[in-house]
1. Restricting the first residue to region 123-142 and requiring it to be not assigned by TED's automatic domain parsing to the domain that holds Glu166, which pairs with a second residue that is modelled with pLDDT of 95 or more and of a type in the set (Ser, Thr, Tyr) meet a Cβ separation below 6 Å and a spacing of at least six or different chains?
2. Quick check on my filter: what residues within region 159-210 are under 20 Å from the mean Cα position of the chain (by Cα) and modelled with pLDDT of 95 or more?
3. Within region 121-157, can you find the residues that are surrounded by fewer than 17 Cβ atoms within 10 Å (Cβ to Cβ) and within 18 Å of Glu80 (Cβ to Cβ)?
4. For region 25-38, indicate whether the set of residues that are surrounded by 13 or more Cβ atoms within 10 Å (Cβ to Cβ), within 26 Å of Ile160 (Cα to Cα) and at pLDDT 90 or above is non-empty.
5. Out of curiosity, is Gly114 surrounded by fewer than 19 Cβ atoms within 10 Å (Cβ to Cβ) and closer than 30 Å to Pro70 by Cβ?
6. Counting just the residues of region 127-159 that are among the polar types (S, T, N, Q) and assigned to a loop (DSSP other than H, G, I, E, B), which one comes out nearest to Ser183 (Cα to Cα)?
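The values are calculated or read from the model by the stated rules, or taken from the named source; none is laboratory data. All figures in this text were calculated on a predicted structure; none of them were measured in a lab. Here the Cβ is made from the backbone with ideal geometry for all residues, glycine too, and neighbour counts use every protein chain on show.
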Amino acid sequence: MQRRSAQIAGELEQEVLAGKLPPGDRLPSEEKLCERFGVSRTVIREAIQQLRGRGLLRTLKGSGTYIADPSLESLGNAVESYSVLAEESDFLELIDFRILIETECARLAAKNAGEAVIRELRRILDTMEKVRGAKDKFSKADIAFHLAIARGSGNGIYSILLGALEKRCIEYAQANRGDGDWSTPVIDGHRDILEAIEASMPDKAAEAMRKHLLSSRRHFVDLEQGGGR
């Protein structure tokens, strides 16, 4: 049944992407979809749920289900759904995605970030210094630093995409930081990034971010090769 619902979701998705089901149009009723695909309402509802999770549909209570209008919120919801549901083995791909996006975020932030963003980054870095050793608070401040840089880039898509990964990144950091001095390398990396942004040096900021995230990637690879946590 799950395989059939996935097939139906895929077919409907292709129709949306091809413009056969334009944004704002109401999705055909469950009854009509049941007749079209020769399946039960349960299968159709599962397919609709999958498409809603991808940000392609929106449901209005008492009105029906509609093809979603293109929006950054829909994009963020779809990426967040994937990141939360992804297997642990897929996390390396999420790290590589972050390296790609955040390197450019840092580069743009060095060009576009105003004093308000820089003050926020300084404040977050101070917080990280104060909560060394407290994994929960430190991890949240860690991600907040990266999100502030994304906002400072001036590119809304980068900010939405990174924000969608926030929950999974915090969960990973909390679960995989050991008992040693893991906070110092993170703070040092953040300080290098901030100094480059403050100095309006895009290439240096990008390289500092890349170096910082590559250390996280190596840590993940080491965990995988070591058989897990």
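1. That search, which allows pairs on different chains as well, returns nothing.
2. His190, Ala206, Met209, Arg210
3. Gly156, Ile157
4. Checked region 25-38: no residue is surrounded by 13 or more Cβ atoms within 10 Å (Cβ to Cβ), within 26 Å of Ile160 (Cα to Cα) and at pLDDT 90 or above.
5. Details: surrounded by fewer than 19 Cβ atoms within 10 Å (Cβ to Cβ): yes; closer than 30 Å to Pro70 by Cβ: yes.
In short, yes.
6. First, pick out the residues of region 127-159 that are among the polar types (S, T, N, Q): 127, 139, 153, 155, 159.
Within this subset, residues satisfying the condition of being assigned to a loop (DSSP other than H, G, I, E, B) are 153, 155.
On the way: Ser153: 25, Asn155: 29 Å.
It comes out as Ser153.
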